[in-house]
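Here the structure comes first, spelled out in C-alpha cells, and everything after it is commentary.
The values are calculated or read from the model by the stated rules, or taken from the named source; none is laboratory data. All values derive from a computational prediction rather than experimental measurement. Neighbour counts are summed over all protein chains in view; Cβ atoms, including those assigned to glycine, are modelled from backbone coordinates with ideal geometry. Note: accessible area is taken over every heavy atom of the protein model, side chains too, but ligands, DNA and RNA are not part of it. Shrake-Rupley method; radii C 1.70, N 1.55, O 1.52, S 1.80 Å.
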Amino acid sequence: MFQNLKISILLSISIFLSNDLMAQDNQLSKAEKAGGWKLLFDGKSTTGWKGAFITNFPTKGWKVKDGMLQVEASNGAESSNGGDIVTLKEYKDFELTLDFKLTAGANSGVKYFVAAQQPNPTNPRSAFGLEYQLLDDENHPDAKLGSNGNRTIASLYDLIPALKNKTNHGVGNWNTLRIVSIKNHIEHWLNGVLVVTYERGSDDFKQLIATSKYKDLTGFGLNEKGRILLQDHGNQVYFKNIKVLEINDLNRPYPNNKLLTEVPGVVSFTFRKSFEKDFVGTLNQIKKMGITNIEFSNLFGKTAEEIKQLLDERGMKCTSFGVSYDDINNQPDQVGKNAQTLGASFVRVAWIPHDKTTMTIAVAQKAVTDFNKIGALLKDKYNLVFCYHNHGFDMQTYQDQTFFDYLVKNTDPRYVSFELDILWAFHPGADPVALLKKYGDRFKLMHVKDLRKGVVGNLTGTTPIENDVAVGSGQIDIRSVIKAAQKSKIEYFYLEDESNDSMSQTPISLAFLKSLSW
C-alpha cells in the first residue's frame, strides 16, 4: 500500500511539473509569459481579430469550436464567404507561432506586414501581404503553378520556394509554423525546420517582386509594420495555439551568446558547377550571402594568383586548400606554393585510395607514412598545416578500433591535423560529438553538413548527392556538434552541400547556424 501511495505521489508531482512547464492548447507556459509572449487566440473567442476589410469580425465563414478557430469551406473561392481576418494590432519585429490543420485539397495562408489601410476591393479578394503558404501540396493544383515550387506549403507565396526537404505532417494532422521578422530578416519554419529565409527590401527581394504577381503593387511587402492575417480561401482549415512575441533589444531570439561568433566559410565544391560556368559570378553570389571565407578544393582552370586577386578585390579569403592524395605525393611543392599564394593556412586531403569499399591496414600504414612525410614538408618549408578529412570508409574497424583511430594515433601531431566532416562521421555510424571529445586537440577544421532523414548509412564513403540537405533539416544534432566543436581546437567551419540544390539550401543552412546559441 505504501509503495502504491509513493507511486501515486510521484505521478502527481510529474503531472504538476509537466503542466507547469508546458502550456496546454491556447495557453501560455510560465516561460512564455516571462518571455513576453501573447496569445492571439484564447480558444473561446475572436477577441483581437476583425475582418480584413470590415470593422467587425465576420458573421459567417469562421467559427470557434472545440478550442479551434475554423475557416469554413465555400467551394474553394477566395474571400467569398467570411473573408480574411486580421489582427487589430500591427507588428514590426516579431515571432509568430501557430498550429494549423489542413483538410484534403485545402488552400490557405498566413500573411504578415498586411497594411492596415487597403482599399476595399470591388470583387472579393484576399488582402495584400507577404504570405506563408498553407496548401495541400499533393492535391491542390496551385502546388504545380508559380516557379520552382514557390506556391507549395511554407513557401513565401509566389516568391521563394520552401526547402524541398521539409517535414510536412500532411492533411488531417497538426503542423506548426513559425515566422520570425527581425530588422527585415525573415524566416519561415515548419515543424521545427527552417525552410525559407530572406532579407525584406534587399535587391534580391525587389527583383523577386518585379517578376511576381505583385509586380504592379507599389511598395509591396515594404511597409514598416503590418497586421497578421489568416486567409479564407474557401477551404476548411483549423488553427490553434496562435502566439506572438514582439521582439525588442531585450528579448531577441538570437542573443549575444551565439555558438558561432563568425560567419562560417564554404567549400568550393558546394558550388562546383556554378564555378565551372562563371567563376567571378559565383564569387559574387557567395559574397552576397555574407560568406567571405572559402576552402578551395579546385582551381577551376585558373591560377592561384588569379584567384587570390579576385578574392582580394572582394574582401574575401581562402583559408584552406583541398587537394588529392596523388597531388600531395607527386607534386607537394606545387601544392605548397599554390596554398601559400591563395593565402591558405591549411592543406587538406579528403580521400585515401583503397580497393573499392574495403580499407586495409596496409593502406592505413602507407597513409600514415605519407601524411607524416608531407605534413613535415608543408610545415617546415611552407608554414602550412596538413589535415586529413575523414570520409566514411575510414570508420571501418581494425582490431579494437577504427582505421580513423589508427590514423590519429599513428600520425605525428606536429605535422598532421584533421578536418572533421560531420556527415562522413555520422553516415558510417560514428558520433561527431564523441570524436570531438576524443580528439579535440587534433581537429583544426570542420565541414558542416546534414544527412537527409531516413537515410541509412554505411561504410562505403559514398551516398547519393541528394542526401545532402540544408543544415538543421536532417538527422544530425547540429547544435550539439557545434557546442562540442567550440571546446576543441577547430579554427574554421565550412558549410558544404554536395546536392544540386546547394544554391538555395546554403542560405538556409547559414541562417540556421546563425540562430544557434549556447
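For segment 130-144, state whether one or more residues are touching a residue at least 40 places away in the same chain (Cβ under 8 Å), under 30 Å from N56 (Cα atoms) and charged (D, E, K, R). Checking segment 130-144: at least one residue is touching a residue at least 40 places away in the same chain (Cβ under 8 Å), under 30 Å from N56 (Cα atoms) and charged (D, E, K, R). For the condition touching a residue at least 24 places away in the same chain (Cβ under 8 Å), assigned to a loop (DSSP other than H, G, I, E, B) and either of a type in the set (S, T, Y) or open to solvent by less than 10 Å² (accessible area, probe 1.4 Å) (or both), I286 does not qualify. The single condition among (1) in a loop (DSSP other than H, G, I, E, B); (2) open to solvent by 20 Å² or more (accessible area, probe 1.4 Å); (3) not β-branched (V, I, T) that F41 does not meet is (2). Flag: A127 matches the condition of being over 29 Å from V469 (Cβ atoms), open to solvent by less than 40 Å² (accessible area, probe 1.4 Å) and not basic (K, R). For segment 343-375, the tally of residues that are closer than 16 Å to L445 by Cβ and surrounded by 21 or more Cβ atoms within 10 Å (Cβ to Cβ) stands at 8. Would you confirm, using the coordinates I've provided, whether L378 is in contact with a Gly (Cβ under 7 Å, 6 or more places away or on another chain), surrounded by 19 or more Cβ atoms within 10 Å (Cβ to Cβ) and within 20 Å of D326 (Cα to Cα)? Criteria met by L378.
When S417, S517, S504 are checked against the criterion of being surrounded by fewer than 22 Cβ atoms within 10 Å (Cβ to Cβ) and out of contact with any Pro (no Cβ under 6 Å at 6 or more places or on another chain), S504 stands alone in meeting it.
Residues that are within 36 Å of the chain's Cα centre (by Cα) and without any contact (Cβ under 8 Å) to a residue 12 or more places away in the chain within segment 44-62 comprise just one, T47. Among the conditions (1) of a type in the set (A, V, I, L, M, F, W, C); (2) open to solvent by 40 Å² or more (accessible area, probe 1.4 Å); (3) touching an Asp or Glu at 6+ places or on another chain (Cβ under 6 Å), the only one that F269 does not satisfy is (3).
Residues checked against (1) closer than 28 Å to P464 by Cα; (2) not hydrophobic (A, V, I, L, M, F, W, C):
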site	(1), (2)
T357	yes, yes
I374	no, no
D394	yes, yes
F403	yes, no
A425	yes, no
P428	yes, yes
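Taking segment 152-245 and the strands (runs of 3 or more DSSP E) fully enclosed by it, the elements with 3 or more residues that are open to solvent by less than 10 Å² (accessible area, probe 1.4 Å) and among the β-branched types (V, I, T) are at 193-199. For segment 495-518, the set of residues classified as touching a His at 6+ places or on another chain (Cβ under 9 Å) and outside any strand (DSSP E or B) consists of E496, A511, listed by residue number. Is it true that P432 is free of Cβ contacts under 8 Å to residues at least 12 places away in the same chain and over 28 Å from L156 (Cβ atoms)? The answer is no for P432.
In segment 420-448, which residues are surrounded by 20 or more Cβ atoms within 10 Å (Cβ to Cβ) and part of a helix (DSSP H, G or I)? Of everything in segment 420-448, those that are surrounded by 20 or more Cβ atoms within 10 Å (Cβ to Cβ) and part of a helix (DSSP H, G or I) turn out to be I422, L423, W424, A425, F426, P432, L435, L436.
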